[in-house]
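Quick note: the coordinates plus some simple rules give every number you see, no bench work behind them. Note that this is a predicted model, so its numbers are computed, not measured. Because the Cβ atoms are built from the backbone with ideal geometry, glycine has one as well, and the counts that use them run over all protein chains shown.
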2 protein chains.
Amino acid sequence: MDAQLAETSPPSRLAGEDEGISPEELALAARNHGIPLEALRYDVTPVGLHYLLTHYDMPALDAASWRLAITGKVRRELQLDLDALRSRQARTVRVTMECAGNGRARMHPRPVSQPWLVEAVGTADWTGVPLREVLAEAGVDPSAVEVVCTGADHGVERGVEQDYQRGLPLQEALRDEVLLAYEMNGQPLPPQHGHPVRLVVPGWYGMAHVKWLREISLVDEPFTGFQNAVAYRYKQTADDPGEPATRIAPRSLLLPPGFPDFMSRARVVRPGEVPLQGRAWSGHAPIARVEVSADGGGTWWDAELDAEDGRRWAWRGWRTSWRAEPGSHVLAVRATDADGNAQPTEQAWNRGGFGNNLVHTVPVTCLAE
Amino acid sequence: MDAQLAETSPPSRLAGEDEGISPEELALAARNHGIPLEALRYDVTPVGLHYLLTHYDMPALDAASWRLAITGKVRRELQLDLDALRSRQARTVRVTMECAGNGRARMHPRPVSQPWLVEAVGTADWTGVPLREVLAEAGVDPSAVEVVCTGADHGVERGVEQDYQRGLPLQEALRDEVLLAYEMNGQPLPPQHGHPVRLVVPGWYGMAHVKWLREISLVDEPFTGFQNAVAYRYKQTADDPGEPATRIAPRSLLLPPGFPDFMSRARVVRPGEVPLQGRAWSGHAPIARVEVSADGGGTWWDAELDAEDGRRWAWRGWRTSWRAEPGSHVLAVRATDADGNAQPTEQAWNRGGFGNNLVHTVPVTCLAE
């Protein structure tokens, strides 16, 4: 490794016991952003409110000259332009996408990286062509086991210069709802979400949804590039090979009631019936149950799930109400999916800060008036 | 003041000598966001990349039932709906908007609030009706000295429960280019930028551009509400009445060259000619000069300004190039406007962290290869 590159791009580290958010973490927090929690009110998150994580710089790609190469273990390699994608039957899938690092900044010790609290999520209508159709046209060789998706975004990470690349197991890539998406919420993809074309892998954390796609290569061995083999793994130590981050663990978020304090975001309500609502999702199975607590998780009651609408890959709305009495309260919410996966009340730790789906708590002050 | 409200919403404070960014500041950084610096490439910032600061929650307003009341020291009060605004001659103004708190997190000691580094800026095409036309229809009483603009966003700030409200001197409100804007970049305002109608005051910091407008009241005394009399003032101490934040001080930002390290955002280039470009703006006067340094501000050379396009209220592009040699370098850029206002190399401090337009520096590693 180039010594200067290594110096510019040091290894991962954990924050010290009393270390506040560092200037580097702040710089990431200023450019990436989460969903403002009041935007949980929208079934589909408006552009600009959907969470966003960019590893390097957003590349400036021209839709007219853009090409996607399908290469590797296929009968014939393909080169597709945007018209070639748009001329096929389009499919739209509503997908809740979440960063694998959501919740990282609530871990102790805190892995130093993009310091998400709970808000790295959003739901969009993605329109495009099922990847399987394009792969069928290329003809998948029986030896292929993964697709390696390469984006046009280029940078260095822990000393490794790279284009952003992720391998996805072939059986996942062949799912009907895995898309080469060219529209978000009915408009061409905005620059920050992968213009002109990105991959969408419903149910998986965001790292799988490769943006600014330029090549999809079929390979006959599992991909060992940085983003699969080093990053995005549940590890206990730097040397632990760990397990890969894949599907989204269940989570529910509460649309914070009342009104906020500017600085602390603490909520203020007045006594009486307070409607509560939020969203819940899981990449493993449909949401089966959402429970709410008004005493910080001591006791729970069931929220009412919104009607099933057949959109398996989108979050599910829920609602209930709470009788607020003067004083300080901690609201909490937890989701359980149909496979029995539930949010923990004590979070297991891992060195990358991935998959922290600890229950969401919201402190509320109820005024005396 | 309600004691519980005061407890939920404490006074402003300064960070301790070695205090990292606090959880509260992080929560603000996660929901508000700056422009990713590579987006300086766009003349007009795409929605979702423009900086965003929301004091409280974004309210959910319905365009069909929205009304704007024009009240106070006028001959006749008005109640306008969106059709009434849209039926008038529209005007579009390209405006560079910046948060008055941009640069706050680079101050020492650091005022604890939204922790901006340098990125709280963006440029949009705002379309709407000049406020002066609506005021003319209402008939401004000779006693009027300010317009007080009230948004639908509600919260508490340092113990004061409030709708977001700002007073603007009448002579500013009557400028041709001050708009009641209902479109951003040719589309209806998105929720986060004030849907359905916001005020746009070209040349002023963002706090003047009241979002989610619901009332404009003409008053015969300067407004003494929280956002004018307490916040958004250049103060040295908590008791100092200070001077109001008004127009945008000159600033230039560099579009970071080469490619970034994910974590540190440090830049990497290879030896040779490196094109440099960026944007510069000032609310006081047109940009007259942009200078660039490759030795952290020791020596400077002039960048070339893009051709004058008559868009007084938008940033001005500039470009130059730099011959990179292997090693570590610090690029810097500073702007001067036609009134002679220039960016400082040492920043004057104030307690709210406002108007920090210290020169922008970008560390760059040039590899040996």
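Compute the label-point distances linking B:Thr299 to its equivalents in the other copies; points lie 7 Å from Cα along Cα→Cβ; give nm, one decimal, shortest first. Between copies, matching label points for B:Thr299 lie 7.6 nm apart.
When the Cα positions of B:Pro130, A:Gly340, A:Asn228 are compared along the charge dipole of the protein assembly as shown, B:Pro130 comes out farthest toward the positive end, with charges on each C-beta of Lys, Arg, Asp and Glu. Shielding of peptide B:133-144 by partners, expressed as the average count of other chain Cβ atoms within 10 Å per residue Cβ, is 0.
Going by average Cβ neighbours within 10 Å, how do the peptides B:265-275, B:187-197, A:199-209 rank, with the highest at the top?
A:199-209, B:187-197, B:265-275
About its Cα centre, segment B:1-147 has a charge dipole of approximately 580 debye under the convention of +1 per Lys or Arg Cβ and -1 per Asp or Glu Cβ, with nothing else charged. Mean partner shielding of peptide B:359-365, defined as the number of other chain Cβ atoms within 10 Å of each residue Cβ, is 1. Can you give the FRET efficiency to the nearest 0.05 for A:Tyr42 and A:Thr224, using r as the Cβ-Cβ distance and R₀ = 51 Å? Once rounded, the FRET efficiency stands at 0.80. Around the amide H of B:Gly283, modelled in the peptide plane, lie the amide H atoms of B:Ile248, B:Ala249, all under 5 Å away and 5 or more residues distant in sequence or on another chain. Taking the Cα centre of segment B:240-368 as reference, the dipole from Cβ charges on Lys and Arg (+1) and Asp and Glu (-1) amounts to some 340 debye. Label zone of A:His108 (point 7 Å out along Cα→Cβ, amide N under 19 Å): in segment A:1-43 this covers A:14-22. Each residue, A:Asp302 and B:Asp176, gets one label point 7 Å from its Cα in the Cβ direction; the gap between the two is 6.6 nm. Since only A:Gln165, A:His195, A:Leu26 are under comparison, the one whose Cα sits farthest along the positive direction of the charge dipole of segment A:3-244, derived from C-beta charges on Lys, Arg, Asp and Glu, is A:His195. Annotation for B:Arg91, label-to-label distances across the other copies: 5.1 nm (shortest first, one decimal, point 7 Å from Cα along Cα→Cβ).
Please get the size of the charge dipole for chain B, origin at its Cα centre, with Cβ charges of +1 on Lys and Arg and -1 on Asp and Glu, quoted in debye to the nearest 20. With Lys and Arg at +1 and Asp and Glu at -1, about 520 debye.
For the rotational copy pair A/B, the chain A residue whose Cβ lies nearest the symmetry axis, together with its distance in Å, is A:Gly20, 1.
Across segment A:111-128, no residue has a backbone nitrogen under 12 Å from the label position 7 Å along the beta-carbon direction of A:Glu243. Remark: mean inter-chain Cβ contacts per residue of B:2-9 equal 6, using a 10 Å Cβ-Cβ cutoff to other protein chain atoms.
In order along segment B:312-327, phi translates into HN-Hα couplings of 4, 9, 9, 4, 10, x, 8, 8, 7, 9, 9, 8, 7, 10, x, x Hz, rounded to whole numbers, per the Karplus curve 6.51 cos²θ - 1.76 cosθ + 1.60 with θ = phi - 60° and x for Gly and Pro.
Positive contributions from Lys and Arg (+1) and negative ones from Asp and Glu (-1), summed over other residues with Cβ under 12 Å from the Cβ of B:Gln236, come out at 0.
Between A:Ser143 and B:Asp295, the simple spin-label model (points 7 angstrom out along Cα→Cβ) gives 5.8 nm.
Once every DSSP H run of n ≥ 4 in chain A is given -39500 (n - 2.57) and the sum is divided by its residues, what mean residue ellipticity at 222 nm do you get, rounded to the nearest 500 deg cm²/dmol?
Calculated from helices alone, the mean residue ellipticity at 222 nm is -2000 deg cm²/dmol.
By the beta-carbon count within 10 Å of each Cβ, the least crowded to most crowded order of B:Cys149, B:Cys99, fewest first, is B:Cys99, B:Cys149. Panel order for A:Tyr42, B:Tyr164, A:Tyr51, by other beta carbons found within 10 Å of each beta carbon, from fewest to most: A:Tyr42, A:Tyr51, B:Tyr164.
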